[in-house]
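Asker: Dropping a structure here in structure tokens format, bear with me for questions.
The values are calculated or read from the model by the stated rules, or taken from the named source; none is laboratory data. Keep in mind that this is a model prediction, so the values were computed, not measured. Using ideal geometry, Cβ is built from the backbone for each residue, glycine included, and neighbour counts are taken over all protein chains shown.
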Amino acid sequence: MNLKQFLFANNSSHQILAKNTFWLGLIEVFSKLIMFFVTISIGLYLGTNGFGAYNYALSFVSLFMIFSDLGVSTVITRDIAKHKDKAADYLGNSLSLRLITSLFIIIVMSISLTLFKSYHPYSGLIVLVTIFYLCQQISGLTITVLTAFEKMEFVFISKLIYFVGILFSTIFMVKSNGGINLMIILNTGISVITIITGFYLIRQLQIPVLLCWQKNFIRQVLRESIPIFGFIACTQIYLNLDTLLIGRYFGDHSVGIYQAAYKILFAFQSVNIINSATLPRISVLIHENKHSTLAKLNRLVIILSLVVLLPLAIIISLNSRLIISLVWRSPDYLAASFILPLLIWSGIANYFRNYVTNLLIASSRQKYVFISILIGLVVNSALNLFIMPLIGYPFAATSLLISEVVILLSSIIFIRL
């Protein structure tokens, strides 16, 4: 097999998995490096208070984005991987549904900003972030179809355009001494370009891009996606509640410090490319009843992951102060070094629970995914609501670690049922 066949063709299971991992790994490296630079640039440019306000707005809008996808993307990734001849139906109906949910989000967001005057200082930024996120969601739908076809080289092209655009918009903001609103507007434009690119790449797969509304088809997809929607809703609340509560209890400065450590966790979570690469392959193996092959894949992923992740987490934990100093280059962010080790270990638990989650989704046991994240959300919310105000905002990292372990253990129990 020559290099061209390896990188652009879909042949055996091992070759497809290797190819998918290569392309996803490549874009993950590019994207994480770019977003790492972007995040640091924004944090240093805005300072801890401005950086905290920016992340507070992102977290607030993320809660409304719960209603954008409704869990459909995960279901159609699984189902298109099994039934590629129905890709046009899945795409057309999903796109129509996403436009409707986007309109719903805009209406609800407008009402919320009118009713809750406490968000007035953030209202302009929140509106811009909402539009940006909605464009991202439509772009994400094109990525879903390309992923289901295991055309990760197309995913690479689409994401590369997006992240390079984000990089240049951030550089332009800093060099022109513009505000964060300018950067969000530019990023929205980049998202629109990414949407156009995604549809073009889908057309290269001979899939028509047409809006359609087939009631029975949508009803069936939504019935399958309801547990995933519950999972996504709980996940969004789970991931953003700590930031919102820190902002309410301790102010923007504390949010900025916490997010400084969290952004390093974000870079660490590049390891989740394995989960993205393996979901379509796991779905196919389960659909074809190749359980022995799936068992071998599971062992390989788990062993290699432990060998790589555990030493890396130990090194980061022991050198957290040095890492924060090198990354942020400002004494204002040094307090984040006490938070970083806990977040990194929560990232390891998150990696393995995502892999188990993929196994549950691929085997059509979405309800257990929802139950697991719901349990974790209850634990995380209780700890943050009742203990964090007494101890301080760094405790949010401890509650995240505890809840991630709880979700992982719950998922393992359900996969054995």
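Asker: Which pairs turn up if I take residues in region 54-81 that are in contact (Cβ under 8 Å) with a residue 24 or more places away in the chain and outside any helix (DSSP H, G or I) and look for partners that are crowded, with 23+ Cβ neighbours inside 10 Å and polar (S, T, N, Q) with beta carbon separation below 6 Å, at least 6 apart in sequence or on another chain?
Answerer: Close Cβ pairs (under 6 Å, with a partner that is crowded, with 23+ Cβ neighbours inside 10 Å and polar (S, T, N, Q)) amount to Leu70/Ser225; Gly71/Ser225.
Asker: Quick check on Ile16: is it among the aliphatic types (A, V, I, L, M), assigned to a helix (DSSP H, G or I) and at pLDDT 80 or above?
Answerer: Considered against the rule, which asks whether it is among the aliphatic types (A, V, I, L, M), assigned to a helix (DSSP H, G or I) and at pLDDT 80 or above, Ile16 comes out as no.
Asker: Another one. Can you say whether Tyr333 is within 21 Å of Asn49 (Cα to Cα), of a type in the set (Phe, Trp, Tyr), assigned to a helix (DSSP H, G or I) and modelled with pLDDT under 95, as far as the supplied structure shows? Walk me through how you get there before you give the answer.
Answerer: Values: within 21 Å of Asn49 (Cα to Cα): yes; of a type in the set (Phe, Trp, Tyr): yes; assigned to a helix (DSSP H, G or I): yes; modelled with pLDDT under 95: yes.
Yes; evaluated as a whole, the condition is true for this residue.
Asker: Is it the case, given these coordinates, that Leu128 is closer than 25 Å to Val221 by Cα, in a helix (DSSP H, G or I), aliphatic (A, V, I, L, M) and modelled with pLDDT of 85 or more? Give the derivation first.
Answerer: Numbers: closer than 25 Å to Val221 by Cα: no; in a helix (DSSP H, G or I): yes; aliphatic (A, V, I, L, M): yes; modelled with pLDDT of 85 or more: yes.
In short, no.
Asker: Which members of region 47-63 meet the condition of being closer than 14 Å to Asp332 by Cβ and surrounded by 18 or more Cβ atoms within 10 Å (Cβ to Cβ)? Steps first, answer last, please.
Answerer: Our first condition is that a residue be closer than 14 Å to Asp332 by Cβ; within region 47-63, this holds for 47-52.
Passing the criteria: Thr48, Phe51, Gly52.
Asker: Look at region 366-398 and say how many of its residues are in a helix (DSSP H, G or I) and surrounded by fewer than 23 Cβ atoms within 10 Å (Cβ to Cβ). Break it down into steps so the answer makes sense when it comes.
Answerer: The first filter runs over region 366-398 and keeps only residues in a helix (DSSP H, G or I), leaving 366-386, 388-391, 395-398.
If we keep only those that are surrounded by fewer than 23 Cβ atoms within 10 Å (Cβ to Cβ) as well, we get 367-368, 370-371, 374-375, 377-379, 381-383, 385-386, 388-391, 395, 398.
Counting residues in region 366-398 that are in a helix (DSSP H, G or I) and surrounded by fewer than 23 Cβ atoms within 10 Å (Cβ to Cβ) gives 20.
Asker: Return the residue satisfying two criteria in turn: it lies in region 400-417 and is in contact with a Ser or Thr (Cβ under 9 Å, 6 or more places away or on another chain), of a type outside the set (Val, Ile, Thr) and over 11 Å from Ala349 (Cα atoms), and of such residues it is surrounded by the fewest Cβ atoms within 10 Å (Cβ to Cβ).
Answerer: Checked region 400-417; the qualifying residue surrounded by the fewest Cβ atoms within 10 Å (Cβ to Cβ) is Phe414.
Asker: Being closer than 30 Å to Thr77 by Cα and touching a residue at least 12 places away in the same chain (Cβ under 8 Å): is that true of Arg365 here?
Answerer: Working: closer than 30 Å to Thr77 by Cα: yes; touching a residue at least 12 places away in the same chain (Cβ under 8 Å): yes.
Criteria met by Arg365.
Asker: Ok, one more. Go through region 182-296 and tell me which helices (runs of 4 or more DSSP H), entirely inside it, have 3 or more residues that are surrounded by fewer than 19 Cβ atoms within 10 Å (Cβ to Cβ) and out of contact with any helix residue (DSSP H, G or I) (no Cβ under 8 Å at 6 or more places or on another chain). Walk me through how you get there before you give the answer.
Answerer: Working: elements: 215-250, 252-268, 273-287.
Per the criteria, 215-250.
Asker: Go through the residues of region 317-329 one by one and say whether even a single one is touching a residue at least 60 places away in the same chain (Cβ under 8 Å) and either touching a Ser or Thr at 6+ places or on another chain (Cβ under 9 Å) or among the charged types (D, E, K, R) (or both).
Answerer: Kept after step one, since they are touching a residue at least 60 places away in the same chain (Cβ under 8 Å), are these residues of region 317-329: 324, 327-329.
Then keep just the ones that are either touching a Ser or Thr at 6+ places or on another chain (Cβ under 9 Å) or among the charged types (D, E, K, R) (or both); that gives 324, 329.
Yes - at least one qualifying residue is present in region 317-329.
Asker: Among Leu360, Leu342, Leu312, which is the only one that is surrounded by fewer than 19 Cβ atoms within 10 Å (Cβ to Cβ), part of a helix (DSSP H, G or I), at negative phi and under 22 Å from the mean Cα position of the chain (by Cα)? Steps first, answer last, please.
Answerer: On the way: Leu360 fails: surrounded by fewer than 19 Cβ atoms within 10 Å (Cβ to Cβ); Leu342 fails: surrounded by fewer than 19 Cβ atoms within 10 Å (Cβ to Cβ).
Unique residue meeting the criteria: Leu312.
Asker: Out of the residues in region 64-112 that are among the aromatic types (Phe, Trp, Tyr) and closer than 16 Å to Leu222 by Cα, state the one that is surrounded by the fewest Cβ atoms within 10 Å (Cβ to Cβ).
Answerer: From region 64-112, those among the aromatic types (Phe, Trp, Tyr) are 64, 67, 90, 104; that's our starting set.
Going one step further and asking which of them are closer than 16 Å to Leu222 by Cα, we end up with 67, 90.
Working: Phe67: 16, Tyr90: 24.
Filtering first and then ranking leaves Phe67.
Asker: Test each condition in (1) under 24 Å from Gly71 (Cβ atoms); (2) part of a loop (DSSP other than H, G, I, E, B); (3) in contact with a Phe, Trp or Tyr (Cβ under 8 Å, 6 or more places away or on another chain) for Gly178 and report the one that comes out false.
Answerer: (1)
Results for (1) modelled with pLDDT of 80 or more; (2) farther than 28 Å from Ala18 by Cβ, shown as yes or no for each residue.
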| site | (1), (2) |
| --- | --- |
| Gln236 | yes, yes |
| Asp242 | yes, yes |
| Leu245 | yes, yes |
| Tyr258 | yes, yes |
| Ile273 | no, no |
| His291 | yes, no |
